[in-house]
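Novice: Before I ask anything, let me first share the structure, which is written out below as structure tokens.
The values are calculated or read from the model by the stated rules, or taken from the named source; none is laboratory data. For clarity, every value in this text was computed on a predicted model and none was experimentally measured. FYI the Cβ positions are ideal-geometry reconstructions off the backbone, even for glycines, and counts take in every protein chain you see.
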Amino acid sequence: MNEAILEIKDLSFTFPGYPGLDFPELFRDLNLKVEKGEIRVILGKPESGKTTLSRIITALIPRYSGGSLSGQVKLDGVEINGNQPYNLIQKAGTVFQNPDEQIITTRCDAEIAFPMESMGWGKKQIAERIDFGLESTGISHLRYRDPATLSGGEKRKLLLASLFAVNPPLWILDETFEELDPASLRAILKTILSQERTIIIFMTKPPAVLEEHNVKFSILYKGTLFHKEDSPENFKKLMIEEGLLLDPERYHSIQPYKKREPLLKIENLSYSYNTAGAFTLEIEHFKLNKGEIISIVGRNGSGKSTLGKILCGLLKPDSGQIFAYRESGLSPLDTKNLNALTGFIFQNPDYQIFLPTVKEELSYGLNPDEAAVDKIIELFSLPGKEVPPALMSYGARKRLQGAVYYLFEKDLYIVDEADSGLSVEDFASMITRFHQKGSTVLFITHNMELSRVFSERVYIMENGSVVQTADEDSFNLVNGYFAGKIEDQA
Amino acid sequence: MIANLYLQGNTPVHKFDPRIKLALLLFMTVSFFLTDSIPVTGGFLFFILLLVSLNGIKQVLRSIHSILPLLIFVAILTPPFHPSGKVFYAFHSLVLLSSDGIREALRLIIRFTGITSLFFLFFLTTEVDDLILSLMWFKIPFTATLVITIALRYIPHITHIYSNVTDAHKLRRGTDFEMSGGFRNRMKNLFPVLVSVLIQSIRAIPALAMALETKGLGFNAQRQSFRDINIFGSIILQLVIAFAIVLVVVLVTLL
Amino acid sequence: MPDNNKNSSFVHLPAFRIASIAIMIAVTAIFTTIIRIPTAPTRGYLNFGDVAIFFTAITFGPWTALIAGGAGTALADIIGGYAQWAPYTFIAHGGQGLVIGLIVYAGRKKTKGKTGIVSLIIAFVAASIVMTGTYFLTGGLMYGFGAAATEIPGNILQNAAGILVGASLSAAVRKAYPPVSTYGW
């Protein structure tokens, strides 16, 4: 029996509320024991408390959040309660879910150096550890770069490099592997596991690559942890219930594919990015039909978000034309027309929020009557009329965005990075609402499964062009394509 | 967005130790106030512009470009307040242009242009990181330099937020949202955008604080700094040159 | 003061203070360089730097406003190519932020937490004097008091915009995101 590096006993925690907004209990009697050398993956749907748990372990919560915490947390034998986060960095290191929140300098080597400088390590040692960190994550060529210019995956590698450099015995990774393709993930896991370490990984979707290692799984369900080793069947049931494993049968309320009237089309569109070395977005043909649900799938950087922004008129293409199908024939659309036609649900739900209550946000610019507001709040499961939107949970803020656009009666709804931060239930119900109105729904994602279950047609993008399309009949082909491409790189 | 001024180059000024440059910057700024002699300050200005021109004539123009309107103002507004000396132009009994007036205007123009081009030269040839390291060497507390470094990291980030927020609001408001028109109209559209930007920026604060603590801020140890200031060439030689400059300036102003 | 203090027990932590100052420096720099509205009466633009300073002082207090106001505007000068102004800008706007914060916070002690109109007006006057005065003096030394005097109306206008928009923004942000009411010190 290995000694435990982390021991959590009967943990209960609730966030403090605000007048008019109470938060339910987040953890209740949560127990976890992680032994030295273990790889523990903790799954959970968005908002289940993964990030909060990772922060409790490193003494950041309730330090930065307030709230009532009871139970015992011991990190490497040391009681967390009463300890400062900066005193624990030699025991545990974290990579935050959002890399932009964790990066504080303007040079990659300086970023890695910072914790070691804080601890007063020798200059030579710091230099060596920086080299080691960069090599271990394969980003030595980015040494002098400004982290702000890095891609999402590269930023995460930078933060991992920091962990390699300081090398604490426990690594806590919060959704770190989200954007990595299987080949990179395999390589990185190999390096991480080349030395005995204890790792806790928080994820929503466990990639297949993990099965190749001796990994223990747990799921954060209704405030407590269920471990796969205790009961594998129960575990699988919980995964399905939380939407971590998609069961197409559950979402059959979406109407199946059928022949539809066309809505708009793109001809010979091209758009180049300002940054040097980036590819050009080139779309020869693209068509959207009325009332359908379609998806654009591709890796990060494939151009899918850009296409979405062009479709709603936020970006102007360099050449090419977008047409609407009207009774009189094809009519070209400029950015203003596209603005009016489309609702764009941003990945970040906070861009629009500025009013003190949900009611005001819903009424802004529109003045719907009381009954309509109540109905919308119910339809989108929003906490209440008088609740400040900025204080609602992330998922609720995303739903609010959807609700606002729903009121606007758009012909086309584009959902960017559909499953980030939204549970599958919430995502399904949101696009169902739009669909039931008769509007077209286009969602953008890198999650093939989501696309397969929810959309009638798919466009797959890579390096700025559409490489494959599919409808229900040919979906298996689509899957095969994606899987095939990945194997080639292994 | 930052380091707008810095131009990569190989001039002797680029190679100078940033700490010496910083000290000289302060000293030379003061030297413009030490004397009223136009030939002397004119000489200083000429020398500075000469160093700027090592990077190309375009840079010399750039350095003066932004203050040109102000210089014109100075040229016109100063002489009326110094009506003594030989009169060149008077409007009835109001002397608008006299020899003393011209002298004073010239003095001020040289002084202001001199200081402007001095700062321009400094920031043209010194990287921000080196400047910050120099400040630390001069025993400016780490907290102060940390705050600047972090701010520099967040400026592009928040700029990005501003542009996304503007997009989101524009999309939501539709045709209503115009950034033209009078003050009231612009404010109507700008105000909600600013509120959203401020909320997002303020939200980042506790997250940043958490990041700082997980990076050891507060750890009880003597802080290390792994980066050294870039030193090109012999620092002894540079110190000698610097002393020579100081000596020349002092002598010339005393005479 | 609303009793949300349990939510913000971290306000005294050095990490929090450093973070809030750094972010507000960035915000101030951006408001100064990017956010501007053309004004009909005076030639040119009204930049929102003073708006940011009033906002910071009212929301975060005198010390954050001192450093954020000073360093933020000084950085804006350096970035924008007016580096020669940076030292004076730091003093002018740092002083501005400090003075507004001190007056508004002193006023709150008397009115039990609410920001009164009177304290805002006094803050406006004091801020205008400090900011405009500093620029006048340093400008005068650099290029003559005649030319420096021409900047006075524009600077006062900046302060007016600052108090009007800055105070409104502070109220709106505090209503939309209540925790920020406890972030001041």
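Novice: Considering A:278, A:371, which residue is under 30 Å from residue A:153 (Cβ atoms), away from chain B (no Cβ under 14 Å), out of contact with any helix residue (DSSP H, G or I) (no Cβ under 6 Å at 6 or more places or on another chain) and not charged (D, E, K, R)?
Specialist: Answer to the check: A:278.
Novice: Taking the range B:101-113, which residues are under 15 Å from residue B:77 (Cβ atoms), more than 8 Å from chain C (Cβ to nearest Cβ) and not basic (Lys, Arg)?
Specialist: Once the filter is applied, which keeps residues that are under 15 Å from residue B:77 (Cβ atoms), more than 8 Å from chain C (Cβ to nearest Cβ) and not basic (Lys, Arg), the range B:101-113 yields B:101, B:102, B:106.
Novice: Quick one: would you say residue B:184 is surrounded by fewer than 17 Cβ atoms within 10 Å (Cβ to Cβ) and assigned to a helix (DSSP H, G or I)? Break it down into steps so the answer makes sense when it comes.
Specialist: Numbers: surrounded by fewer than 17 Cβ atoms within 10 Å (Cβ to Cβ): yes; assigned to a helix (DSSP H, G or I): yes.
Here the answer is yes, as residue B:184 does meet what is asked.
Novice: Consider residue C:138 carefully, then state whether it is more than 26 Å from residue B:190 (Cβ to Cβ) and either under 15 Å from the mean Cα position of the chain (by Cα) or in a loop (DSSP other than H, G, I, E, B) (or both).
Specialist: Details: more than 26 Å from residue B:190 (Cβ to Cβ): yes; either under 15 Å from the mean Cα position of the chain (by Cα) or in a loop (DSSP other than H, G, I, E, B) (or both): no.
So residue C:138 does not fit the description; no.
Novice: Also, I was wondering about something else. Out of the range B:189-202, which residues are more than 7 Å from chain A (Cβ to nearest Cβ) and touching a helix residue (DSSP H, G or I) at 6+ places or on another chain (Cβ under 8 Å)? Don't jump to the end; show me each part of the working.
Specialist: Here is the first cut: in the range B:189-202, the residues more than 7 Å from chain A (Cβ to nearest Cβ) are B:189-191, B:193-194, B:197-198, B:201-202.
Passing the criteria: B:189, B:191, B:193, B:194, B:197, B:198, B:201, B:202.
Novice: Looking at this structure, is residue A:417 out of contact with any helix residue (DSSP H, G or I) (no Cβ under 9 Å at 6 or more places or on another chain), not assigned by the TED database to the domain that holds residue A:175 and not basic (Lys, Arg)? Working first, answer last.
Specialist: Working: out of contact with any helix residue (DSSP H, G or I) (no Cβ under 9 Å at 6 or more places or on another chain): no; not assigned by the TED database to the domain that holds residue A:175: yes; not basic (Lys, Arg): yes.
No, not satisfied.
Novice: Out of curiosity, is residue A:403 in contact with a helix residue (DSSP H, G or I) (Cβ under 9 Å, 6 or more places away or on another chain), free of Cβ contacts under 8 Å to residues at least 60 places away in the same chain, of a type in the set (A, V, I, L, M) and over 30 Å from residue A:274 (Cβ atoms)? Can you show your working first?
Specialist: Values: in contact with a helix residue (DSSP H, G or I) (Cβ under 9 Å, 6 or more places away or on another chain): yes; free of Cβ contacts under 8 Å to residues at least 60 places away in the same chain: yes; of a type in the set (A, V, I, L, M): yes; over 30 Å from residue A:274 (Cβ atoms): yes.
So residue A:403 fits the description; yes.
Novice: Going by what's in this entry, would residue A:178 be described as part of a loop (DSSP other than H, G, I, E, B) and either in the same structural domain as residue A:119 (by the TED database) or of a type in the set (Ser, Thr, Tyr) (or both)?
Specialist: Spelling it out, residue A:178 is indeed part of a loop (DSSP other than H, G, I, E, B) and either in the same structural domain as residue A:119 (by the TED database) or of a type in the set (Ser, Thr, Tyr) (or both).
Novice: Sort out which residues of the range A:379-417 are among the hydrophobic types (A, V, I, L, M, F, W, C), more than 20 Å from the chain's Cα centre (by Cα) and either at positive phi or in a helix (DSSP H, G or I) (or both), and write them in order of number.
Specialist: Residues satisfying the conditions are A:379, A:403, A:404, A:407.
Novice: Being outside any helix (DSSP H, G or I) and within 26 Å of residue A:358 (Cβ to Cβ), is that true of even one residue in the range C:160-183?
Specialist: Yes; the residues of the range C:160-183 include at least one that is outside any helix (DSSP H, G or I) and within 26 Å of residue A:358 (Cβ to Cβ).
Novice: While we're on this one: Restricting to the range B:218-253, count the residues that are within 14 Å of another protein chain (Cβ to nearest Cβ), over 27 Å from the mean Cα position of the chain (by Cα) and polar (S, T, N, Q).
Specialist: Within the range B:218-253, the subset within 14 Å of another protein chain (Cβ to nearest Cβ) is B:218-230.
Subset that is over 27 Å from the mean Cα position of the chain (by Cα): B:218-224, B:226.
Checking the rest, the ones that are also polar (S, T, N, Q) come to B:220, B:222, B:224.
Number satisfying all stated conditions: 3.
Novice: I need the helices (runs of 4 or more DSSP H) fully contained in the range B:56-134, keeping only those with at least 2 residues that are among the acidic types (Asp, Glu).
Specialist: Working: elements: B:57-65, B:68-77, B:99-125.
In the range B:56-134, B:99-125 are the helices (runs of 4 or more DSSP H) which contain 2 or more residues that are among the acidic types (Asp, Glu).
Novice: What number goes with the only condition from (1) facing chain A (nearest Cβ under 9 Å); (2) surrounded by 19 or more Cβ atoms within 10 Å (Cβ to Cβ) that residue B:207 does not pass?
Specialist: It is condition (2) that residue B:207 fails.
Novice: Okay, next question. In a strand (DSSP E or B), more than 12 Å from chain B (Cβ to nearest Cβ) and surrounded by fewer than 22 Cβ atoms within 10 Å (Cβ to Cβ) - does that describe any residue in the range A:48-67? Can you show your working first?
Specialist: Within the range A:48-67, the first condition is being in a strand (DSSP E or B), and the residues that meet it are none.
No - not one qualifying residue is present in the range A:48-67.
Novice: Check every one of the strands (runs of 3 or more DSSP E) wholly within the range A:272-342 and list those with 3 or more residues that are touching a residue at least 24 places away in the same chain (Cβ under 8 Å) and surrounded by 14 or more Cβ atoms within 10 Å (Cβ to Cβ). Let's see the steps before the verdict.
Specialist: Values: elements: A:280-289, A:293-298, A:319-326, A:329-332.
Filter on the range A:272-342 gives A:280-289, A:293-298, A:319-326.
Novice: Identify all residues within the range B:201-226 that are under 30 Å from residue C:34 (Cβ atoms) and either in contact (Cβ under 8 Å) with a residue 40 or more places away in the chain or among the hydrophobic types (A, V, I, L, M, F, W, C) (or both); write none if there are none. Reasoning before the result, please.
Specialist: At the first step, the residues of the range B:201-226 found to be under 30 Å from residue C:34 (Cβ atoms) are B:201-212, B:215, B:217.
The answer is B:201, B:202, B:204, B:205, B:207, B:208, B:209, B:210, B:211, B:212, B:217.
Novice: In the range B:79-103, what residues are in contact with a Ser or Thr (Cβ under 6 Å, 6 or more places away or on another chain), of a type in the set (D, E, K, R) and surrounded by 12 or more Cβ atoms within 10 Å (Cβ to Cβ)?
Specialist: B:100
Novice: Between B:43, B:9, which is assigned to a loop (DSSP other than H, G, I, E, B), more than 14 Å from every other protein chain (Cβ to nearest Cβ) and of a type in the set (Gly, Ala, Ser)? Quick ask: steps written out before the conclusion?
Specialist: Numbers: B:43 fails: assigned to a loop (DSSP other than H, G, I, E, B).
The conditions single out B:9.
Novice: Determine the pairs where a residue that is more than 9 Å from chain B (Cβ to nearest Cβ) and under 18 Å from residue C:20 (Cα atoms), located within the range C:71-97, has a partner that is surrounded by fewer than 24 Cβ atoms within 10 Å (Cβ to Cβ) and among the small types (Gly, Ala, Ser) with Cβ atoms under 7 Å apart, the partner being 6 or more residues away or on another chain.
Specialist: Close Cβ pairs (under 7 Å, with a partner that is surrounded by fewer than 24 Cβ atoms within 10 Å (Cβ to Cβ) and among the small types (Gly, Ala, Ser)) amount to C:74/C:86.
Novice: Of the residues A:117, A:135, A:179, which single one is at negative phi, more than 25 Å from the chain's Cα centre (by Cα) and buried (at least 16 other Cβ atoms within 10 Å of the Cβ)? Outline the logic, then answer.
Specialist: Working: A:135 fails: buried (at least 16 other Cβ atoms within 10 Å of the Cβ); A:179 fails: more than 25 Å from the chain's Cα centre (by Cα).
Every option except A:117 fails the conditions.
Novice: Out of B:116, B:125, I need the residue that is under 30 Å from residue B:68 (Cα atoms), surrounded by 23 or more Cβ atoms within 10 Å (Cβ to Cβ), more than 9 Å from chain C (Cβ to nearest Cβ) and polar (S, T, N, Q). Which one? Walk me through how you get there before you give the answer.
Specialist: On the way: B:116 fails: more than 9 Å from chain C (Cβ to nearest Cβ).
Every option except B:125 fails the conditions.
Novice: So is residue A:106 within 28 Å of the chain's Cα centre (by Cα), hydroxyl-bearing (Ser, Thr, Tyr) and within 7 Å of chain B (Cβ to nearest Cβ) or not?
Specialist: Numbers: within 28 Å of the chain's Cα centre (by Cα): yes; hydroxyl-bearing (Ser, Thr, Tyr): yes; within 7 Å of chain B (Cβ to nearest Cβ): yes.
Considered against the rule, which asks whether it is within 28 Å of the chain's Cα centre (by Cα), hydroxyl-bearing (Ser, Thr, Tyr) and within 7 Å of chain B (Cβ to nearest Cβ), residue A:106 comes out as yes.
Novice: Restricting the range B:168-184 to residues that are within 29 Å of residue C:60 (Cα to Cα) and more than 7 Å from chain A (Cβ to nearest Cβ), which is modelled with the lowest pLDDT? Explain how you work it out, then say what you get.
Specialist: Looking only at the range B:168-184, we keep the residues that are within 29 Å of residue C:60 (Cα to Cα), and these are B:168-169, B:183-184.
Keeping just the survivors that are more than 7 Å from chain A (Cβ to nearest Cβ) gives B:183-184.
Details: B:183: 75, B:184: 79.
My answer is B:183.
Novice: For the range A:150-161, indicate whether the set of residues that are surrounded by fewer than 16 Cβ atoms within 10 Å (Cβ to Cβ) and either not assigned by the TED database to the domain that holds residue A:419 or not basic (Lys, Arg) (or both) is non-empty.
Specialist: Here is the first cut: in the range A:150-161, the residues surrounded by fewer than 16 Cβ atoms within 10 Å (Cβ to Cβ) are A:151-152.
Remaining after also requiring either not assigned by the TED database to the domain that holds residue A:419 or not basic (Lys, Arg) (or both): A:151-152.
The answer is yes, given that some residue of the range A:150-161 is surrounded by fewer than 16 Cβ atoms within 10 Å (Cβ to Cβ) and either not assigned by the TED database to the domain that holds residue A:419 or not basic (Lys, Arg) (or both).
Novice: Here's another thing I want to ask about it. Listed residues A:85, A:99; which is over 24 Å from residue C:12 (Cβ atoms), in contact with a helix residue (DSSP H, G or I) (Cβ under 6 Å, 6 or more places away or on another chain) and assigned by the TED database to the domain that holds residue A:235?
Specialist: On the way: A:85 fails: over 24 Å from residue C:12 (Cβ atoms).
It is A:99.
Novice: Residue A:159 is checked against (1) in a helix (DSSP H, G or I); (2) touching a residue at least 40 places away in the same chain (Cβ under 8 Å); (3) more than 9 Å from every other protein chain (Cβ to nearest Cβ); (4) farther than 25 Å from residue B:219 by Cα and fails just one. What number does that condition carry?
Specialist: (4)
Novice: Quick check on the range C:161-177: of everything there that is within 16 Å of residue C:61 (Cα to Cα) and facing another protein chain (nearest Cβ under 7 Å), which residue is farthest from the chain's Cα centre (by Cα)?
Specialist: Taking the candidates together, the pick is C:173.
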